[in-house]
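Colleague: Got a structure here, written out as structure tokens. Questions coming.
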Amino acid sequence: MKTSLLTIPNKKTEEVSWVKPLNNYLLSIYGNTSAYQSDINAFDKLRQDIRGVHPDNTGLRLYFKYYSQLEVLDVKIQFATLNRSKKLDFVWHDAFSPEITHRQNALPFEKANVLFNIGALLTKFAISKYNEGSVKDTIVMFQQAAGIYEYLNENFLHAPSDDLSQSTIKFLSKLSLAQAQEVFTLNAITNDLNQSKNSLISKLCKSASLQFEECYNMIGEKESFEVVEDDVSNDETNYVTAELDPSWASIINFKIQYYKSLAFYFHALQLEAGRKYGDAIGFLNQSSLVLENIDPGHVYDLLDNYNYQKDAVKIKTDELVKDNDLIYHDLVKKDVNWNQLTQMQVSKIVPLNDIPMLKEVNQQGYQNFLSDVVPINIHELSSFYSEEKSQLLRNEIDFYEVSKEETESFLESLKLPKALHQIKQALKSEEEGDEEGIPLEIISKVREISNSYERDQQLEEENGKLRQRIYETISNIDSEEAVNLKRALYEASNSDKKIASLIDKSFYSTLSKGPGSNQFRQLFTVSNSEVSLIDQDDSQDEQIRTLETFLYDLGTIKGNKASLIEKLKKDIHSDDISNILMLNAKQMSNNEIKSVIFPAELKKFQPFIDKLDNLINREKSILSDVKAEWSRLLSDPAIKKLQSRTQEKAQLWSDNIEKIEQFYKKWTQYHAGLEKGNSWYTKFLQHCEGLASFNLNALSLDDARRQSSSTQLPPYNPPLLQPQFSGFTQPAHTSTSSLSSTHQPYARPPQLPPKNPSIDAKHSSQEPSQSKLPPWHTNKSSDSKSGLIYDQPSTYDPNMYDFFSK
């Protein structure tokens, strides 16, 4: 079944230019409008484009976009200041009497007319969809149109024109809903071919009839139509003020009676299906009576529906009456009336702000149109709101920090997780031994000591043999220089003793076995262990696993709390309610916004607060469990013994590691001293052997001279040794006459060395080989950095063996 639907006419408008007024206003505030030129020009073009749109998606989108930007303009710009010179003049024609125009400078007037045309476009678009067979789209568009006119009725109370008056707008809203109900009802009838929904269709028809009746009663001047059993009283005195098309009243009145007849008819069919033939005939008679009182002469488009329904009622009535007379003999119902039927209204208003296309356009408009323009009062309100957010954030951070500190202090007081790890490692050591855990640095040092042990023993033995050979060689030297040589040997021997005293030979022997030896492991093994694996059972392992789970959960909660606080910070810092404040600033005072809008907006952060509270409460519960489980573990006798043994072991390890460290420091000196001593003794031996050889040559030369004394040659003075090494200077206070006093048996090293007499240059040139051997005596005034053993004979000097290297 098809019907004829009414369309609301559009309002025409005259051209308006927004460019100059907007530029002047923004220039007065920001001093530069270059950033806004694109928005201003697009907005002005949009105003021109809506004047010739078609009832389709493109036309609707243009109107919705213009209206959305009007709303943005209204909240971001003080329109009274912008239009102080009255240069913006909005001219709109009456929708039902186009020859009548209305002119105003107010922005609400512009918005009201734009909304009116959106509703009109929706009704036209709905009818085109209906003709295409899209029933659902048709119903939705009529409901959206009803929502727009409802919004106009509630928000624009002082209309300057008849088409915008409250009575007219209310009528148009009800008409849109009635037509949505009608389309739904006719679609139900068309699709119910097996007549299984007669009761539902009867209710839908009654609701459609009543809705059209409401519209009809709002029409003031109309032709008189007889309404059968019109039980609906009309208290409305505010009639439609617009000049409606006269055919509207006829069409609406026809639909009142038509759907009333259909309601009786389908109710009768339902009664027939329930074998209530007398009642069914009564309602069929009432349906026929309503049809007989309809004058279809003014509604030619609906004449086919009228004739079809009239024939259907007559056929069904004749059929039932015949069957009842011949078969059922049921009493025909006489007291049938309209109130005995129930109704069902399915058409609902779709509020303006719930229209999907407007929502989509609004999201784009608020973000892209004059996005940087914010009124001063909104800035102030935003500052107050930012302080509210900051206070909320500070409170939550305080809660977070306090809980974090409490948890850390609690675990620190129990020495967790370190103490648990120590117990776990101690239990593991009981099973696997004590080798693990020794620092690799200590292992490396012990290995170095061990690798050098044989070499050190060899050097000590070699140095002893070298000392003995040197002593024997010096004994064969018969000269003043022998005293100095013996003194050097004596001091070197003392240095060797000091070197040897640096280390504990017994401990050296233990370390010489290496880090893998039993002797080394014994250093880190606690003797007389009181803990046995027999004392341990699975419950201890289970307790440790439980505590580890608790500690893992605490770590997870700690991370979650930190992440939550960071997310809260990010969301609070990015939260901007400027648009919301601008939308509400015209309807609410600042105090109302602070007391209503602020709390409502801050609720968006409540999930963070709740989640943080839950985490902190969960954390406290776990801490309580940790305390109980830890106390139970420590009270275990085997764990007590293990802890005592662990402390003893820790002390033992600490002592021995420190002992090895100290030994290593002294050993490095000891090892280096042996190496240098060996080199020194070797060179010293060579020097002494050279002197011994020189002494023999000198004795032979003296014998030869005595034999040639008869030749009356001048007496020969043997050349004395001259120092050939830097740092060996001749003491100035010593004379050659002191040489005779040095020929005494050696008792101990002299305190001061003897001085060698000067050598005549003539003699030295005759025997150059004598100058190659240095004298062995000290020089107290020599540089202390020379490294000689004579400088500090009573103190061990690690560099004493550097003599020959220099």
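Every number here is computed from the coordinates shown, using simple stated rules; none is lab data. Keep in mind it's a predicted model, so treat the numbers as computed, not measured. When we count neighbours, we look across all protein chains shown, and the Cβ atoms used for this are built from the backbone with ideal geometry, even at glycine.
Colleague: List nothing, just return the count: lysine pairs in region 195-342, 8 or more apart or interchain, with Cα separation under 15 Å.
Modeller: Count of close lysine pairs: 11.
Colleague: Around TYR277, with a cut-off of 9 angstrom between Cβ atoms, what is the net charge of the other residues, counting Lys and Arg +1 and Asp and Glu -1?
Modeller: On the way: positive: ARG275, LYS276; negative: GLU272, ASP279, ASP323, ASP330.
Charge balance near TYR277 sits at -2.
Colleague: Further question: Using the Karplus curve 6.51 cos²θ - 1.76 cosθ + 1.60 with θ = phi - 60°, work out ³J(HN,Hα) for each residue of region 276-284 in order, rounded to whole Hz, and write x for Gly and Pro.
Modeller: Values, residue by residue: 9, 6, x, 5, 5, 5, x, 6, 5 Hz.
Colleague: Would you mind counting up the charge near SER624? Only other residues with Cβ under 14 Å from its Cβ, with Lys and Arg at +1 and Asp and Glu at -1. List each step's numbers first, then the result.
Modeller: Working: positive: ARG618, LYS620, LYS627, ARG632; negative: GLU406, ASP553, GLU619, ASP625, GLU629.
That works out to -1.
Colleague: Hey, what D do you get for region 1-132 in µm²/s if you plug the Kirkwood alpha-carbon radius into Stokes-Einstein at 10 °C and 1.306 mPa s? Show your work: numbers first, answer last.
Modeller: Values: Rh = 16.1 Å.
Approximately 98 µm²/s, per Stokes-Einstein.
Colleague: Now for a different question. Can you work out ³J(HN,Hα) from phi for every residue in region 623-637, in order, using Karplus 6.51 cos²θ - 1.76 cosθ + 1.60 and θ = phi - 60°, giving whole Hz and x for Gly and Pro?
Modeller: Computed from phi, the couplings for region 623-637 are 4, 5, 5, 4, 4, 5, 5, 5, 4, 5, 5, 5, 7, 5, x Hz.
Colleague: If you don't mind, there's one more thing I want to ask. Positive end of the charge dipole of region 195-342 (Lys, Arg +1 and Asp, Glu -1 on Cβ, about the Cα centre): tell me which of MET218, LEU326, TYR300 has its Cα farthest that way.
Modeller: LEU326
Colleague: Listed highest first by mean packing, meaning other Cβ atoms within 10 Å per residue, what order do 559-566, 65-72 come in?
Modeller: Values: 559-566: 14.5, 65-72: 21.8.
Packing order, densest peptide first, comes out as 65-72, 559-566.
Colleague: With all distinct Cα pairs included, what does the Kirkwood hydrodynamic radius of region 195-342 come out to in Å, to one decimal, could you say?
Modeller: Across region 195-342, the inverse of the average 1/r is 16.1 Å.
Colleague: Given H placed on each backbone N at 1.01 Å, which residues far from THR13 in sequence or on other chains put an amide H within less than 5 Å of it?
Modeller: Excluding prolines and chain starts, which carry no amide H, the hits are HIS93.
Colleague: Let me ask something else. Could you list the GluC sites (Glu not before Pro) in region 378-484 that lie in coil according to DSSP, counting only those with at most 11 other Cβ atoms within 10 Å of their Cβ? Before the final figure, lay out each step's value.
Modeller: Details: sites: GLU380, GLU387, GLU388, GLU396, GLU401, GLU405, GLU406, GLU408, GLU412, GLU430, GLU431, GLU432, GLU435, GLU436, GLU441, GLU448, GLU454, GLU460, GLU461, GLU462, GLU472, GLU480, GLU481; in loops: GLU435, GLU436, GLU480.
Listed in order of number, the matching sites are GLU436.
Colleague: Provide the net charge surrounding THR342, with neighbours chosen by a C-beta distance below 13 Å and charges set as Lys +1, Arg +1, Asp -1, Glu -1. Mind showing how you got there, number by number?
Modeller: Numbers: positive: LYS203, LYS206; negative: none.
Net of charged neighbours comes to +2.
Colleague: Right, next: Using a cut-off of 20 Å between alpha-carbon atoms, which lysines can reach LYS570, once sequence neighbours fewer than 8 places away in the same chain are excluded?
Modeller: Counting by Cα, and skipping residues close in sequence, LYS570 has these lysines nearby: LYS389, LYS558, LYS561, LYS603, LYS604, LYS611.
Colleague: What order, most packed first, do the peptides 278-284, 86-92 have when packing is the mean number of other Cβ atoms within 10 Å of each residue?
Modeller: Working: 278-284: 23.3, 86-92: 16.4.
Highest-to-lowest ranking by the protection proxy: 278-284, 86-92.
Colleague: Going through the cross-link list LYS20/LYS45; LYS111/LYS136; LYS424/LYS641; LYS12/LYS65; LYS428/LYS505, which pairs have a Cα-Cα distance over 23 Å in this structure?
Modeller: On the way: LYS20/LYS45 13 Å; LYS111/LYS136 29 Å; LYS424/LYS641 14 Å; LYS12/LYS65 18 Å; LYS428/LYS505 34 Å.
From the list (LYS20/LYS45; LYS111/LYS136; LYS424/LYS641; LYS12/LYS65; LYS428/LYS505), the Cα-Cα distance tops 23 Å for LYS111/LYS136; LYS428/LYS505.
Colleague: Could you give the distance between the Cα centres of region 444-477 and region 285-315, to the whole Å?
Modeller: 138
Colleague: Considering only DSSP states other than H, G, I, E and B, which trypsin sites (Lys or Arg not before Pro) in region 282-325 qualify as loop sites with at most 12 other Cβ atoms within 10 Å? Intermediate values should be presented prior to the final figure.
Modeller: Numbers: sites: LYS310, LYS314, LYS316, LYS322; in loops: none.
Passing sites in region 282-325 do not exist.
Colleague: Next question, about the same structure. Counting other Cβ atoms within 10 Å of each Cβ, which GluC sites (Glu not before Pro) in region 92-150 have at most 14 and sit in a DSSP loop?
Modeller: Numbers: sites: GLU99, GLU110, GLU132, GLU150; in loops: GLU99.
Answer by residue number: GLU99.
Colleague: Also: From the backbone phi of region 508-521, what are the Karplus-calculated ³J(HN,Hα) couplings (6.51 cos²θ - 1.76 cosθ + 1.60, θ = phi - 60°) in whole Hz, Gly and Pro given as x?
Modeller: So the Karplus estimates, Gly and Pro as x, are 5, 5, 5, 6, 5, 6, x, x, x, 7, 5, 4, 5, 4 Hz.
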